[in-house]
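**Student:** My questions all concern the structure below.
The values are calculated or read from the model by the stated rules, or taken from the named source; none is laboratory data. Predicted, not measured: the structure shown is a model, and the values here were computed from it. Cβ: placed from backbone, ideal geometry, glycine included. Neighbour counts: every protein chain shown. With ligands, DNA and RNA removed, areas are computed over all heavy atoms of the protein, side chains included. Shrake-Rupley method; radii C 1.70, N 1.55, O 1.52, S 1.80 Å.
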Amino acid sequence: MTRQCPPPAPESGFPLSGSVLAEAAVVFAVVLSIHAAVWDRYSWCAVALAVQAFYVQYKWDRLLQQGNAVFQFRMSANSGLLPASMVMPLLGLVMKERCQTAGNPYFERFGIVVAATGMAVALFSSVLALGITRPVPTNTCAISGLAGGIIIYIMKHSLSVGEVIEVLEVLLIFVYLNMILLYLLPRCFTPGEALLVLGGISFVLNQLIKRSLTESQGDPVDFFLLVVVVGMVLMGVFFSTLFVFMDSGTWASSIFFHLMTCVLGLGVVLPWLHWLIRRNPLLWLFQFLFYTETRIYLLVYWSLLATMACLVVLYQNAKRSSSESKKHKAPTVTRKYFHFIVVATYIPGIIFDRSLLYVAATVCLAVFIFLEYVRYFRIKPLGHTLRSLLSLFLDERDSGPLILTHIYLLLGMSLPIWLIPRPCTQKGSLGGARALVPYAGVLAVGVGDTVASIFGSTMGEIRWPGTKKTFEGTMTSIFAQIISVALILIFDSGVDLNYSYAWILGSISTVSLLEAYTTQIDNLLLPLYLLILLMA
């Protein structure tokens, strides 16, 4: 069946749907809230970036609908350029503001670099969309050029030469990662998700290279995270390239995979980490994990929860095997069991030992990514088994060759722990609503998204315009998060909200509305926006 494309003359082309406009309105509300809280030349840059991203997002949506995008993106969602473009700039702005308040000039400048890098990466994605759109969208090009000119002018007079070079380095890495990973992994990302994920990986890789070359001192847990993330990405690129030329499903390829994993781990990752922390990485990790009796109890408790999660997977697959339909899919309530398990995992870690949670989440991320490599490449003996077990829990967002939703869930819960600028929190700068920053993932994904999905799918009747989400699901989500904040106040003595209840309620409500309208990966997007609002 042939598809008839619309006439190319008018630049208006496809009409904007109500859900896209509502999502954009929520994002603009966040941007303006941060602009009002920060109110400097960088926040004006963020406003200009949001305006141009809104116009360019429409061009990306049009390219996706026409099938004219350069790469194969996930088709069950819009491009998501606007919400993704604003994450890194807004995160950098609130980080700069907090570190400026704490009197830490190094991390204040670091926040500015994060914001500038996010803006540069977002502008590149906009230029890419405009460059392949035919006919050339004159009005959008003018708006994007004006916004880009303002941002470049302000950053040119605000960044040092070294900081400008750092931003350009990240942009260069981002361009190459886009070309490699989007080609190797079709239909795994929307343009916005690719911007967010690959932009973050590019920044982490550049930070690791920079710290390796300058021999800078730092917390070993930070170096551990950087090395693990970069090591797992490089491993994936290496094996993806290698298995283009050989069958990955044979025993010979599987043995080679395991041997090369050991070589990369023992010959590259561990020496790199040893160079950074100046001690034996394995000995350091062992001493860190078993340093106190509390950590031992937490590790035993987390092991029990991990065993419970595995039993849930096995039980659901046993039910599928016994049912008549082999195409049985796990219902929403069943998939949300894992959200409850993750909440039960993170809350004790946040309360009793955040450093241990930081490292444990990093180890868990490495395990998840490694198991996904085993499943994707069909590595024996577990590859086919993992494919069968995890196929039960797929949804429309897992349309590509990779299954990423469980990794996004882990990232959404962990990013608020990893991204807190700890040197800027020593003088009480995380009082008030900012005291809830470590709980952003728990509130937005563990509680809010879970309750919204369960109640919306079982009891919801009134749908938000243009979406499948329901009014009842959103309201119960907000109510459940408010109850969770009250419980956090009871059980975590280190949280003092200082009567900032109105800002907390507004932040939770805004992120819940974003959950109702966004078609992006909410496990990743919602915690970041709640983190930004709470830090502001």
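**Student:** For the pairs K96/K156; K336/K380; K336/K468, flag any whose C-alpha to C-alpha distance is greater than 21 Å.
**Tutor:** With Cα atoms farther than 21 Å apart: K336/K380.
**Student:** Which whole-number percent of Cα pairs in segment 227-321 have a distance greater than 22 Å? Kindly include the intermediate steps, with their values, before the conclusion.
**Tutor:** Details: 2604 of 4465 pairs.
The answer is 58 percent, as a whole percent.
**Student:** Starting from one equal scatterer on each C-alpha and no solvent at all, send me the Debye-based log10 I(q)/I(0) for segment 394-444 at q = 0.22, 0.33 Å⁻¹, two decimals.
**Tutor:** Ignoring solvent entirely, the Cα scatterers give -0.80, -1.19.
**Student:** Based on the mean of other Cβ atoms within 10 Å per residue, sort peptides 68-75, 111-118 so the most packed one is first.
**Tutor:** Values: 68-75: 17.6, 111-118: 25.0.
Descending mean neighbour count gives 111-118, 68-75.
**Student:** Could you pull out every one of the aspartates and glutamates with an alpha carbon less than 20 Å from that of K319, ignoring same-chain neighbours closer than 8 positions?
**Tutor:** Straight-distance partners of K319: D395.
**Student:** Rg/Rh for segment 101-143: what does it come to with C-alpha atoms and Rh from Kirkwood? Don't jump to the answer; show the numbers that get you there.
**Tutor:** Details: Rg = 16.2 Å, Rh = 12.5 Å.
Across segment 101-143, the Cα-based Rg/Rh ratio is 1.29.
**Student:** Let me ask something additional. From the gyration tensor of the Cα coordinates in the chain, what semi-axes in whole Å does the equivalent ellipsoid have, largest first, with each one equal to sqrt(5λ)?
**Tutor:** Numbers: eigenvalues 203, 173, 147 Å².
Computed over the chain, the values are 32, 29, 27 Å.
**Student:** Here's something else I'd like to know. Report the extension gain between C262 and L299 in nm, rounded to one decimal, defined as 0.36 nm multiplied by the number of residues separating them, less their alpha carbon distance.
**Tutor:** On the way: separation 37, 0.36 × 37 = 13.32 nm, distance 2.50 nm.
Stretched out fully, the C262 to L299 stretch lengthens by 10.8 nm.
**Student:** Could you list which residues have their amide H under 5 Å from that of T470, counting only those 5 or more apart in sequence or on another chain, with H placed in the peptide plane?
**Tutor:** Counting only residues 5 or more places away or on other chains, the set is W464.
**Student:** Quick check: with the 1.4 Å probe, what order do T307, T138, T519 take by accessible area, largest first? Walk me through the intermediate numbers first.
**Tutor:** Numbers: T307 75, T138 95, T519 50 Å².
Result of the area sort, largest leading: T138, T307, T519.
**Student:** With viscosity set to 1.306 mPa s at 10 °C, what whole-number translational diffusion coefficient in µm²/s follows for segment 82-156 from Stokes-Einstein and a Kirkwood radius over Cα pairs? Intermediate results must be reported in sequence, preceding the final value.
**Tutor:** Values: Rh = 13.4 Å.
Estimated diffusion coefficient is 118 µm²/s.
**Student:** Still on this structure: Using the alpha-carbon centroid of each, what span in Å lies between segment 397-462 and segment 112-163?
**Tutor:** Taking the Cα centre of each part, segment 397-462 and segment 112-163 sit 29 Å apart.
**Student:** Normalised radius of gyration for segment 389-536, please: alpha carbon Rg relative to 2.2 N^0.38 Å, two decimal places. Provide the component values of the computation, followed by the final result.
**Tutor:** Working: Rg = 15.9 Å, N = 148, 2.2 N^0.38 = 14.7 Å.
For segment 389-536, the normalised Cα radius of gyration is 1.08.
**Student:** Please give the Cα centre distance for segment 239-315 versus segment 17-75, rounded to the nearest Å.
**Tutor:** Cα centroid to Cα centroid, the span is 38 Å.
**Student:** Using C-alpha positions alone, give me the convex hull volume of segment 340-400 per residue in cubic angstrom.
**Tutor:** Numbers: hull volume 6.6 nm³, N = 61.
That works out to 109 Å³ per residue.
**Student:** Still on this structure, please answer the following. Taking only the Cα atoms of segment 486-536, how large is their convex hull per residue, in Å³? Mind dumping the intermediate values first?
**Tutor:** Details: hull volume 4.6 nm³, N = 51.
Output value, Cα hull per residue: 91 Å³.
**Student:** Sort largest first and round to whole Å: the equivalent ellipsoid semi-axes of segment 149-274, each the square root of five times a Cα gyration tensor eigenvalue. It would help to have the intermediate numbers written out before the result.
**Tutor:** Working: eigenvalues 196, 91, 20 Å².
Ellipsoid semi-axes (Å, largest first): 31, 21, 10.
**Student:** With θ set to phi - 60°, apply the Karplus curve 6.51 cos²θ - 1.76 cosθ + 1.60 along segment 199-205 and write out the HN-Hα couplings as whole Hz, x wherever there is a Gly or Pro.
**Tutor:** Calculated HN-Hα couplings, in order: x, x, 5, 4, 5, 4, 4 Hz.
**Student:** Limiting things to C-alpha atoms, what are the Rg and the maximum Cα-Cα separation (Dmax) for segment 104-200, in angstroms?
**Tutor:** When restricted to Cα atoms, segment 104-200 yields Rg and Dmax of 14.8, 49 Å.
**Student:** Tell me the mean residue ellipticity at 222 nm calculated for the chain from its helices only (DSSP H runs of n ≥ 4, each -39500 (n - 2.57), averaged over every residue, nearest 500). All intermediate terms of the calculation are to be shown ahead of the outcome.
**Tutor:** Working: 22 runs with 372 residues, N = 536.
So the helix-based figure for the chain works out to -23000 deg cm²/dmol.
**Student:** What's the local net charge at P421, with K and R +1, D and E -1, over the other residues with C-beta under 10 Å away? Write down the numbers at each step before the final one.
**Tutor:** Details: positive: K96, R98, R422; negative: E108.
That works out to +2.
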